[in-house]
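To keep things clear, I will list the structure first and then write my remarks on it.
The values are calculated or read from the model by the stated rules, or taken from the named source; none is laboratory data. Since we're looking at a predicted model, the values are computed, not measured. Ideal geometry is used to build each Cβ from the backbone, glycine not excepted, and the neighbour counts take in all protein chains shown.
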Amino acid sequence: MTDAAIATETRDLFSKFDPLINEREALLATGVRDPYAIVMDQVLSPTRAIIKGKETILLGTYNYMGMTFDPEVVAAGKKALDEFGAGTTGSRVLNGTYQGHKEVEDALKEFYGTSGAMVFSTGYQANLGIISTLAGKGDYVVLDADSHASIYDGCAMGNAEIVRFRHNSVEDLDKRLGRLPADALKLVVLEGVYSMLGDVAPLPEMVAAIRKHPNCMILCDEAHGMGFFGPNGRGAYEEQGVEGEIDFVVGTFSKSVGTVGGFCVSNHPKFEILRLVCRPYVFTASLPPSVVATAATSIRKLMHAGEKRAHLWKNSQRLHQGLTDLGFKLGSATPQSAIIAVILTDQMQAVAMWQTLLELGLYVNMARPPATPAGTFLLRCSLCAEHSDEQVEQIIAMFETAGKATGAIN
Ligand code: PMP
């Protein structure tokens, strides 16, 4: 009996996963590799790894600024490991605040120019904690339909009413806010850069629409904008000149910063109280000393990373142009961020193309529903400031070969 047969014959709490199990089994039976089980046996640099014995260009890492192998960042982590040990073994509130946590929060306050900064163990937990703590029963969270799972989960945990508006639609946002009771308290959650298609929110227009309505605070998730957008690398909200209008910025250390962790920064005078009432902050262990030391060093270096930012933009523009010239349909008509998504509508073709790219020595992310809209499969590329011009040309050539081999392009 196969595993799939077992899954469908016995009814238990796993039965709801049967359709997914069967779809996966059918896909793997065609002989393709599992797109969600790739192992990097060695990582050579921010842009190169060994996968199944083959040197592979990494184009699906979110390592936008290439900080993972920065010598000063790595040295700071090693020093903290030696001096403070491997972990804190506890929550910040009771037993887990080390000097390094203060240092990384100071670095964030300087980076963002805010009076408050609060570090979480991941970006997921930052959204979960901040949204659920700020917006509770009787309040409203107004969010873009394409919001990240951590934003949706934060809403669910806080029991607020959820109101969704059409992705990046200023008109729909305005309309939905207009229907809410004027005296109700509302948190509007936006993302600077949307991770699936790599498109950017029209923040000034959105802020103007929000400000027409009473009792709204604005949170902007800059997970994919930090490091890359704006003169100081704060994110799309800085680049678009709406810094004074955003009440909370949430971000992550797992992308441009090059390690793991999450944060929220704010100028609100009562911000510090959240440390005592935010459950995903209170009831979990704090980040290890080595991680906060790498993050603090990386954040301080990102303040002066203008050249890297310029090179990353050049890479994004070249890849977008190269893939457009080859005839691929992309997630945005112009290069808007460091994410470039190739859109395919056939799952088998998408997986075949993903596998062909891997065999050629290129790793990209395969994204599928429910992370993407129904019937849309993405080969999502995220560029790094450390990709050389030569690597970008190699990437375009590999897409040409794989696209032709799988019939995705002519
Ligand atoms: N927000 C957005 C928009 C994200 O894309 C992600 C991660 N992909 C997160 C939050 C969560 O970040 P982390 O990896 O630190 O949990």
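Starting from residues that are within 14 Å of GLY113 (Cα to Cα) and part of a loop (DSSP other than H, G, I, E, B), keep the ones in region 229-239 and report whichever is farthest from the ligand (Cβ to nearest atom). Before you say what the answer is, go through the steps one by one.
As a first pass, look at region 229-239 and keep what is within 14 Å of GLY113 (Cα to Cα): 230-235, 237-238.
Right, trim to part of a loop (DSSP other than H, G, I, E, B) and you get 230-235.
On the way: GLY230: 17, PRO231: 22, ASN232: 20, GLY233: 17, ARG234: 15, GLY235: 11 Å.
If we take residues in region 229-239 being within 14 Å of GLY113 (Cα to Cα) and part of a loop (DSSP other than H, G, I, E, B), then PRO231 is farthest from the ligand (Cβ to nearest atom).
Just so you know, in region 203-228 the residues that are in a strand (DSSP E or B) and within 12 Å of the ligand (Cβ to nearest atom) include one that is farthest from PRO373 (Cα to Cα), and it is LEU219.
Does LEU173 qualify as being crowded, with 23+ Cβ neighbours inside 10 Å, in contact with a helix residue (DSSP H, G or I) (Cβ under 6 Å, 6 or more places away or on another chain) and closer than 25 Å to PRO373 by Cβ?
On the way: crowded, with 23+ Cβ neighbours inside 10 Å: yes; in contact with a helix residue (DSSP H, G or I) (Cβ under 6 Å, 6 or more places away or on another chain): yes; closer than 25 Å to PRO373 by Cβ: yes.
So LEU173 fits the description; yes.
Against the list (1) more than 16 Å from the ligand (Cβ to nearest atom); (2) within 28 Å of CYS216 (Cβ to Cβ), the condition LEU94 fails is (2).
Residues in region 349-358 that are closer than 10 Å to THR401 by Cβ and either in contact with a strand residue (DSSP E or B) (Cβ under 7 Å, 6 or more places away or on another chain) or among the acidic types (Asp, Glu) (or both): how many? First the steps, then the outcome.
Kept after step one, since they are closer than 10 Å to THR401 by Cβ, are these residues of region 349-358: 356-357.
Now drop any that are not either in contact with a strand residue (DSSP E or B) (Cβ under 7 Å, 6 or more places away or on another chain) or among the acidic types (Asp, Glu) (or both), which leaves none.
Qualifying residue count for the region: 0.
Which of the residues spanning region 133-148 are within 16 Å of the ligand (Cβ to nearest atom), assigned to a loop (DSSP other than H, G, I, E, B) and of a type in the set (D, E, K, R)? Within region 133-148, ASP146 is the sole residue that qualifies. When ALA49, ALA75 are screened for being touching a Leu at 6+ places or on another chain (Cβ under 6 Å), at pLDDT 95 or above and on the phi < 0 side of the Ramachandran plot, only ALA49 passes. Exactly one residue among ILE130, ILE151 is within 15 Å of the ligand (Cβ to nearest atom), in contact with a Pro (Cβ under 9 Å, 6 or more places away or on another chain) and more than 30 Å from GLU307 (Cβ to Cβ), and that residue is ILE130. Does MET366 fit the bill of being under 23 Å from ASP34 (Cβ atoms) and modelled with pLDDT of 95 or more? In short, no.
Checking VAL242, VAL200, VAL257, VAL249 one by one, the residue that is modelled with pLDDT of 95 or more, within 15 Å of the ligand (Cβ to nearest atom), surrounded by fewer than 24 Cβ atoms within 10 Å (Cβ to Cβ) and not polar (S, T, N, Q) is VAL200 and no other.
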